[in-house]
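Taken together, the values in this text are just the output of simple stated rules run on the coordinates, not laboratory data. From a predicted model like this one, the values you see are computed outputs, not experimental measurements. Ideal geometry is used to build each Cβ from the backbone, glycine not excepted, and the neighbour counts take in all protein chains shown.
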Amino acid sequence: MIIITACGGEHPVGGSKAGTAKNQTVANAPKCGVFVPKVEEVSRFTQVPSWGEDVVIQYVLLATPERYYLGDFRAIRILAVGMNGKLQHSFLKKGQGPGEFQWLSQVQKLGDNLWVYGTRKLDRLSGDGILRSEVRFDKYYYNLTMMNDSKFAGVRTEVEGDEKTGRRIKRAGLWDLKENRLKSFRTSDQRGVFEFKQDKTFLTLSFGGGLVPDLILAGDPATQRIYVCETDIYRIYVMNAEGKLIQTIERTIEPAVLTDQDKDELAGNFNVNGMDQNDIRMRLKKQLPDRMCPVASMQVTPDGYLIVERPVKSGINELDIYNQAGQFLVTLQNPKDINLSGATFLSHDRFALVDNKGDLPVVIEYHVVQPEME
């Protein structure tokens, strides 16, 4: 059977019930409305063979006024490329030694440091990829965000009680680099997974994109604001670094429907060695939820705007954008041939992405001309 916790309800914030925030925002109506944005192309360049024979870029990880940082998660490489498309530096590699990763999760620029996280370790590098320090963690942290050079916000899975039989939860909190918990923002039974029994085996599956309720977090180092959401309800708790609730952002959203065809596609490529594949796919399809969550993910742009990604149907999301004060500005829908879910926002009105439809990947940066979201 699927083990999915019930939706709704109040949960502890810092160990106590969350009361009504003084600056609570119930934000159903965007100031600028719902838009397919009009965009203009700012720059475009194509990957060239001199970047490396084994490199195929997949993501714009982040950007500064001087360069883009592009990622190849297969080869575990980061390429620093100038705005003219010229390769400046290439660093990291696959492995387990210093400056090496088995896979990558987060890349963040803070001051003159690059912070790279993955495989339960955190590397601090210079802007041109020189390793400055490395920390190995006992736990894995989701949505890890450095709030300064010694503290990070994130979400981790914990066990209450016995390691084998205890209750598994997720905790959003603030930690130092030795993994000492400094603040607990919120705990939840919602872990972004569901389990079903096949014969005597319990299979735990993890899906992204708002399919299963989860506890997620986004942080803004500039303002020391931390956004926490249990994704079964569109309710975002805005905390300061001391764990005080300073604002609540809410919307009333009808969850997206997961159709039989959607379930067929999700279950179609699922394989478990030693089990009848058709049988297990049928079981999985029957146990997939009928509705998606109203929130899939959150990110904070470098200029402090909150972007909430929200499923409207399987594979198609919309973006709700809030300014630094939590005011709901606009909902953005996908322009033609542009998937905003794959975009990295360089500010609230600029984004970049990698187009992999041709023979070689192309990096494109866009400026949102309309609507104006100032």
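Would you look at the GNM of the chain, springs on alpha carbons closer than 10 Å, and say which of L61, L258, L329 moves the most? Maximum fluctuation in the GNM of the chain, among the listed residues, is at L258.
For the range 61-104, taking the reciprocal of the average inverse distance between every pair of different Cα atoms yields a Kirkwood hydrodynamic radius of 10.8 Å. Gyration tensor analysis over the Cα atoms of the range 128-246 returns equivalent ellipsoid semi-axes of 27, 18, 14 Å (largest first, whole Å). Taking amide H as placed 1.01 Å from N in the peptide plane, the amide H of L62 sits under 5 Å from that of Y69, each at least 5 places away or on another chain.
Legend: Rg and Dmax of the range 135-183, from Cα coordinates, 11.5, 37 Å. As a rough footprinting exposure proxy, the listed residues R251, R181 were ranked by other beta carbons within 10 Å of their own, and the order from fewest upward is R181, R251.
Helical runs assigned H by DSSP (4 residues or longer) give the chain a calculated mean residue ellipticity at 222 nm of -1500 deg cm²/dmol, each run adding -39500 (n - 2.57) before division by the residue total. Packing-based ranking of 346-356, 211-221 yields 211-221, 346-356, ordered from highest to lowest mean Cβ neighbour count within 10 Å. Taken over the chain, the percentage of Cα pairs per 10 Å bin, counting from 0 up to the bin with the maximum distance, is 5, 22, 31, 29, 12, 1. Going by neighbour counts of Cβ atoms within 10 Å, the residues F101, F91 line up, fewest first, as F91, F101. Could you please report the charge total around G97, scoring K, R as +1 and D, E as -1 over all other residues with beta-carbon less than 14 angstrom from its beta-carbon? Computed value for this residue: +1.
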